[in-house]
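Working notes, beginning with the structure itself.
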Amino acid sequence: MDYKSKLPNKVPVFPISNFIIFPNTTVPLNIFEPRYIEMVDDSMKHSKMIGMVQPKKTSNNSIPELYSVGCVGKITSFNESEDGRYLIILNGLSRFKIIDEIKNNKLYRECNISFNEFKDDINFNKEDIKFADLKLIFKDLKNLFQKKGYIVNWKELEKQDLNQTINTLAMASPFSLEEKQALLETQNLISRKFKLEEIIKTYLSDDFSNTTIQ
């Protein structure tokens with residue numbers, strides 16, 4: 001499907017700390033707060049798109065400051081539980097940059113956004129990376145995941161294309177908020193691979209106890 005012409009200029013934003021999505025990845029979300037129930041209701045009536053973005057950890061505000069880069073996702077599955085929660089599947093489409101926040105009377109926040117800096121997210125250009133290039137990343141991450149108690153189906157992960165594999169590892173890895181944001185803001189897949197290696201090295205040099213990358 002051609003999403004390029006259908007991407008919105010403004011989106012409702014869902015701020016979640018230490019959580020990112022990338023284009024061409026899918027994530028399940030359990031929606032239960034009234035403001036986000038309202039957000040999903042409104043989204044389902046219109047574009048079915050939501051902007052996922054991280055709030056900054058340093059903010060002491062009741063309305064936290066947001067990072068400027070997030071990712072738009074489209075709701076591709078919607079179910080309502082007996083207790084009123086929404087169980088949705090979000091499919092990542094493209095990263096965006098926040099231009100400004102919109103003042104509204106809704107429970108949730110909305111922003112004007114631009115996709116100009118991330119045109120390749122929609123073009124789906126294949127980049128020259130081979131699975132052999134990921135051997136060290138896989139080895140170190142398996143060690144890290146094991147130490148952190150994370151369970152990952154590595155065989156299923158290896159069946160994905162390289163774009164999905166690197167992005168899924170970036171999303172699922174037990175990194176800090178700042179580290180995940182740095183991965184989200186990398187311009188392309190090759191840069192993301194190098195950033196992933198850089199972050200992993202900081203954990204290796206600190207006996208896997210690193211809290212953030214400077």
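Where residues in region 66-105 are in contact with a strand residue (DSSP E or B) (Cβ under 8 Å, 6 or more places away or on another chain) and part of a loop (DSSP other than H, G, I, E, B), which of them is nearest to Ile16 (Cα to Cα)? Spell out how you get there, then give the answer.
The initial filter retains those residues of region 66-105 that are in contact with a strand residue (DSSP E or B) (Cβ under 8 Å, 6 or more places away or on another chain), namely 66-81, 85-102, 104.
Now restrict to residues that are part of a loop (DSSP other than H, G, I, E, B): 67-68, 81, 85, 104.
Values: Tyr67: 11, Ser68: 14, Ser81: 22, Arg85: 17, Asn104: 20 Å.
The qualifying residue nearest to Ile16 (Cα to Cα) is Tyr67.
Taking the conditions (1) within 18 Å of the chain's Cα centre (by Cα); (2) assigned to a helix (DSSP H, G or I); (3) modelled with pLDDT under 85 in turn, Gln160 satisfies each one other than (2). What about Ile63, is it assigned by TED's automatic domain parsing to the domain that holds Val13, in a strand (DSSP E or B) and at negative phi? It is false that Ile63 is assigned by TED's automatic domain parsing to the domain that holds Val13, in a strand (DSSP E or B) and at negative phi. Taken residue by residue, region 31-46 has at least one member that is assigned to a strand (DSSP E or B) and either at pLDDT 95 or above or under 23 Å from Phe118 (Cβ atoms) (or both).
The values are calculated or read from the model by the stated rules, or taken from the named source; none is laboratory data. In this text, all values refer to a predicted model and were calculated from it rather than measured experimentally. Neighbour counts run over all protein chains shown; Cβ positions are idealised from the backbone, glycine included.
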